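Here is the structure we will look at, set down as structure tokens.
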Amino acid sequence: LNSFYLLPIYKYMGNVVEGDPAKEFSLSNLPQSHPALLATTFAAYIFFLATMHFIDKDFEWLTEHRHEFLAKKRVQNYSIFLSCLPKEMQSDTAIKEYFRNCFSHNAVVDGDVALSIPKLEALVARRNALISKFEHVINVRFVKGEEPMHKTKMCGGEQVESIPVYREQL
């Protein structure tokens, strides 16, 4: 919007430049310390104030919706993940009692310490691989318009529809 009044100022209040029509509409067309340079300063202030206004509105929106989201009773909103616990804190009861001493006794519902979780990590890796396959077959169905199929075993397995099978496994 600033260009609507800056471009004519640059063109008609500046020096006449022969041979370069783009330069006629630029700030370089105005001589040094020309009063029309104040228009550029004014435009910069307008742009800055508009930017700050929109950032403020965006921050208000973010704050409102972030608090709304965090107020929901979801496990991840009320969970704390810790690492590098000292040996004396590496039990469920020790961690629960520690947080009950930090906060009110009723505020802490449970304390679970996961020390070694290779089985869980393997299951998560398997699930992530399955999600990739699932997304792929959904895209295949969307692009080709046909139901994707796969074999249940590498050699001699039966042909099954992929989407219901992967959905069931997820």
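Only the coordinates and a few stated rules stand behind these numbers; no lab work does. Everything numeric in this text was worked out from a predicted model, so none of it was measured. Positions of Cβ are backbone-derived with ideal geometry, glycine not excepted, and every protein chain shown enters the neighbour counts.
Note on the stretch 26-136: Lys pairs 8 or more places apart or on different chains, Cα atoms under 25 Å apart, count 7. Scaling against 2.2 N^0.38 Å puts the C-alpha radius of gyration of the stretch 1-150 at 2.11. Under 5 Å from the amide H of M149 lie the amide H atoms of S162, each residue being 5 or more positions distant or on a separate chain, with H modelled from the backbone and absent for Pro and chain starts. Inter-label distance, V109 to A50: 4.8 nm, where each label sits 7 Å from its Cα along the C-beta direction. Annotation for the stretch 59-127: chymotrypsin sites (Phe, Trp or Tyr not before Pro) lying in DSSP loop with at most 12 further Cβ atoms inside 10 Å of their Cβ are F81, F103.
Computed about its Cα centre, the charge dipole of the stretch 50-170 is approximately 360 debye, with only Lys, Arg, Asp and Glu carrying charge at their Cβ. With a Förster radius of 22 Å applied to the C-beta separation of L120 and K96, the computed FRET efficiency comes to 0.60.
Based on DSSP H segments of at least four residues, each scored -39500 (n - 2.57), the chain has a per-residue ellipticity at 222 nm of -18500 deg cm²/dmol. With R₀ set to 35 Å, the beta-carbon distance separating L38 from L62 gives a calculated FRET efficiency near 0.45. Put a dot 7 Å past the Cα of K73, heading toward its Cβ, do the same for K133, and the two dots end up 3.7 nm apart. For K11, a cut-off of 20 angstrom between C-alpha atoms picks up these lysines, skipping any fewer than 8 places away in its own chain: K23.
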